[in-house]
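The values are calculated or read from the model by the stated rules, or taken from the named source; none is laboratory data. Please read all numbers here as calculations on a predicted model, not as lab measurements. No Cβ is skipped: glycine too gets one built from the backbone with ideal geometry, and neighbour counts run over all protein chains shown. These area figures cover heavy atoms from the full protein model, side chains too; ligands, DNA and RNA do not enter into them. Shrake-Rupley method; radii C 1.70, N 1.55, O 1.52, S 1.80 Å.
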Amino acid sequence: MLPTTDHHLLDHLLAFGRLLRQFGLPIAPGQMLDLLAALVYIELGQREDVRHTCRTVLVRRREDLPVFDEAWEFFWAAQRQGNPSGFALPDTPVKELQIPRRLQRPRPQRMEDEDRPPDEQHEIEIEMSYSQSEQLRHKDFAHFTGDELDRARELIAQLRYRMALRPTRRWQAGRSRRIDTRRTLRQTLRNGGEVLTLLRRERSWKQRPLVVLCDISGSMERYSRILLQFVHTVGAGLRDVEIFVFGTRLTRITRALEHRDIDEAVDLVSNVVVDWGGGTRIGDAIKTFNWQWGRRVLGHGAIVLLISDGWDRGDPALLAREMGRLQRTSHRLIWLNPLLGRAGYQPLTRGLQAALPYVDDFLPVHNLQALEQLGPTLAESLISNVGRSAPRPRVS
Amino acid sequence: MVGFVSIDALQQALTAQQYIADRPLATAIYLSLKLRKPLLLEGEAGVGKTEVAKVLAHILQGRLIRLQCYEGLDIATAVYEWNYPRQMLYLRAAELEGEGKDQALHDIFGRDFLLRRPLLQALEATADGPPSILLVDELDRADDEFEAFLLEVLSDFQISIPELGTIRAIQPPVVILTSNRTRDIHDALKRRCLYHWIAYPSIEKEIAIVQGRLPGVGERLIQQVVAFVHELRAMDLYKLPGIAETLDWVAALTALDRTALDPETVDDTLGAILKYQDDMEVVRKRGLQTLVEQVS
């Protein structure tokens, strides 16, 4: 149903649609048709109404509203200057990061043997590498040589983590006491109206979402790259994962880390993050997270991993308050501290003292063994999913 | 049916129902009615998203069908379910009366045995009557599975029931979806909808809203309260008060026979507008006295 408007308008609209796309708004062809249909009902002389119409039809996210407004102003400014549709836009790409969706991780290819089933091959390789590198497992990341780092990164890439499950409110066929009336009746029909067995249903379960907040400030320098590798590995096997890094400010890097190749992923992260190796304001970072992201990513009983050495230059009271809020809105708050592996280390900094009361688990991440042992913690509470389970004994 | 000749006419009808809609929102609603496209409303809690559907139902004199979303919402609760106990009983009775089994099996999947849930109800408006208004509230609380079949319903306004065939809306419902954005709505669903973000209102608009909703309250109190709430919205709070909170607060103050704000009363009734202990602390630290003076 195309309106009987003149071609001039159509040209303008199409040009405007093109402009929006150049500004980075995803405009589908169907939307342009919707817009034409909508403008039939609008007085075209009322420019503001036309603007609202374009906006409600073409924009679908709040974030895009300011972009739209800017594009609109730009468009009309260009019109006034008699530059109807040939925009002279600088041709910088508007979308900065075009990252392919996360794919299956490539298997290690070195022990290529076509005849062997792939899983077996994979397992054998892990075993071999572990036996070769038993020493490496206990060594603090901070003392690694360049070669050892490379080796450790390979090992980390092979780790697999499973998240604890949470019950959803959906049902599936199963063995609990609940009778599945819908399926039972269907079956009854097939048997000519005779109820032979009562079919049952049970709750379905899903993996809990994981949120990682990783400190990349100066004091973490020796750990941050290798821990990012670890975070990349954790994220690779999971559906619901959100990853943030912070120093003086919080940056979301979920998208960048979706890149399957860890080196490219870390490079991308370096481009996005501005405060590598600077100071730390943990409280401010967590506050930003709580306010801007908490409600969006902590919805379904998430497990939160906070990776930091606890050297904080911010206000301890703020840190305590925001840690409390973070703990209340998550299923489990786990603080991973690389310094915790050192002999005689005591978590005495003011920031840590303020934050510790709100931490469910306080665990080391200084070597490969610690990373392996984290597995059970993340997968735990399969049973005790209702309340918070008791904190693990703290390692000193 | 939905006969508004212009955006102005719609805006006036909304105002008559004490719903103050600004021009962009009125445009979005108007187009949603004209194009028969669902309207997705997003915005902070308490800015009047749900209210749009209620007011529209009043204006159009149609039936309001509300579907509150939650995780795990399934076809049996949202679309239809067979009345199993009744079907069982019917089969029994048919057996006792020696009726043919095939006939009975056919009967029990008739419309009498169908329990109609909101989405199915929304397709039932007749051609000459008023349209139904379907409110899908807090869509962000539902999960992907639900979005998938909601998408199916909203695409063609029809529902397939395997035993019964396809039920098609004679008159498609007016559909309003709301979301608080605790989760992003899937793109495919958004593509079916018009979109509008409802922001917090300006001071003047909020005063008009309160006056419309709570007639008889002194002008001074309303002005002070609205100005106070706007001060709060400019502050660094975890949960900002919405229009709903403003209305609650004015109602609370009126119940206490107050005609103007004073620091003590504000302190006592702060719970009507702020829902987090931390936020109350922040506001108290800023100084209630100063805040009250600012808005007086």
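With contacts taken as Cα pairs under 8 Å and at least 6 residues apart, the range B:210-296 reaches a relative contact order of 36 percent. Dipole size of the range A:225-345 about its Cα centre, with +1 on Lys/Arg Cβ and -1 on Asp/Glu Cβ: approximately 520 debye, rounded to the nearest 20. Within 10 Å of the Cβ of each residue in B:194-200, the mean number of Cβ atoms contributed by other protein chains is 5. How would you classify the range A:7-80 from its alpha-carbon gyration tensor, with a ≥ b ≥ c the square roots of the eigenvalues: rounded for a/c under 1.5, else prolate if a/b is greater than b/c, otherwise oblate? It comes out rounded by the Cα gyration axes. For the range B:46-172, the Cβ-based charge dipole about the Cα centre amounts to some 520 debye (Lys, Arg positive; Asp, Glu negative; other atoms uncharged). Neighbours of B:Asp107, meaning other residues whose beta-carbon lies under 14 angstrom from its beta-carbon, give a summed charge of -2 when Lys and Arg score +1 and Asp and Glu score -1. Remark on the range A:43-74: accessible area falls by at least 40 square angstrom from chain-alone to full-complex state for A:Asp49, A:His52, A:Thr56, A:Arg60, A:Arg62, probe 1.4 angstrom. Of B:Trp197, B:Trp82, A:Trp311, A:Trp291, the order by accessible heavy-atom surface (1.4 Å probe, DNA, RNA and ligands excluded), from most exposed downward, is A:Trp311, A:Trp291, B:Trp197, B:Trp82. Between the listed residues A:Leu185, A:Leu199, A:Thr168, the Cα displaced farthest toward the positive end of the dipole of the range A:165-206, a dipole computed from Cβ unit charges relative to the Cα centre, is found at A:Thr168. Among the GluC sites (Glu not before Pro) in the range A:242-320, none is located in a DSSP loop while being surrounded by at most 11 other Cβ atoms within 10 Å of its own Cβ.
Taking a ≥ b ≥ c as the square roots of the eigenvalues of the Cα gyration tensor, the protein assembly as shown is oblate, since a/c reaches 1.5 or more and a/b is not larger than b/c.
From helices alone, the protein assembly as shown scores -13500 deg cm²/dmol at 222 nm; the rule is -39500 (n - 2.57) for each run of n ≥ 4 DSSP H residues, then divide by the residue total. The separation of the range B:194-257 from the range B:119-147, counted between C-alpha centres, amounts to 30 Å. Give the carbon-plus-sulfur fraction of the accessible surface of the range A:165-206 in %, rounded to a whole number; probe 1.4 Å, heavy atoms of protein chains only. Whole-percent figure for carbon plus sulfur exposure: 47. Its Cα centre serving as origin, the protein assembly as shown has a Cβ charge dipole (Lys and Arg +1, Asp and Glu -1) of approximately 1080 debye. Could you tell me what percent of the DSSP beta bridges with both partners in chain B are antiparallel, to the nearest 5? Once the DSSP bridges in chain B are tallied, antiparallel ones form about 30 percent.
Averaged per residue, the protein assembly as shown has 48 square angstrom of accessible surface, using a 1.4 angstrom probe with ligands and nucleic acids left out.
Evaluated over the protein assembly as shown, the count of Lys pairs having alpha-carbon atoms less than 27 Å apart is 26 (only pairs 8 or more residues apart or interchain). Local charge for A:Arg178 was computed over the other residues whose Cβ lies under 11 Å away, with Lys and Arg +1 and Asp and Glu -1, and equals +3. Rounded is the label for the range A:208-379. Its Cα gyration tensor axes, ordered a ≥ b ≥ c, give a/c under 1.5.
Think of the range A:7-80 as a dipole: +1 on every Lys or Arg Cβ, -1 on every Asp or Glu Cβ, centred on the Cα centre; then among A:Phe74, A:Phe23, A:Leu39, A:Phe23 lies furthest on the positive end. Summed over both chains, the contact between A and B buries some 4400 Å² of accessible surface at a probe radius of 1.4 Å.
Remark: accessible surface ordering of B:Phe4, B:Phe146 (largest first) is B:Phe4, B:Phe146, probe radius 1.4 Å. Under the combined filter of DSSP loop state and at most 12 neighbouring Cβ atoms within 10 Å, the range B:87-176 retains these GluC sites (Glu not before Pro): B:Glu97.
Across chain B, the relative contact order, built from alpha-carbon pairs under 8 Å that are at least six residues apart, equals 22 percent. The separation of the range A:329-345 from the range A:198-263, counted between C-alpha centres, amounts to 16 Å.
Under a GNM of chain B (C-alpha, springs under 10 Å), which listed residue has the highest mean-square fluctuation: B:Val250, B:Val282, B:Val229? Its mean-square fluctuation being the largest, the pick is B:Val282.
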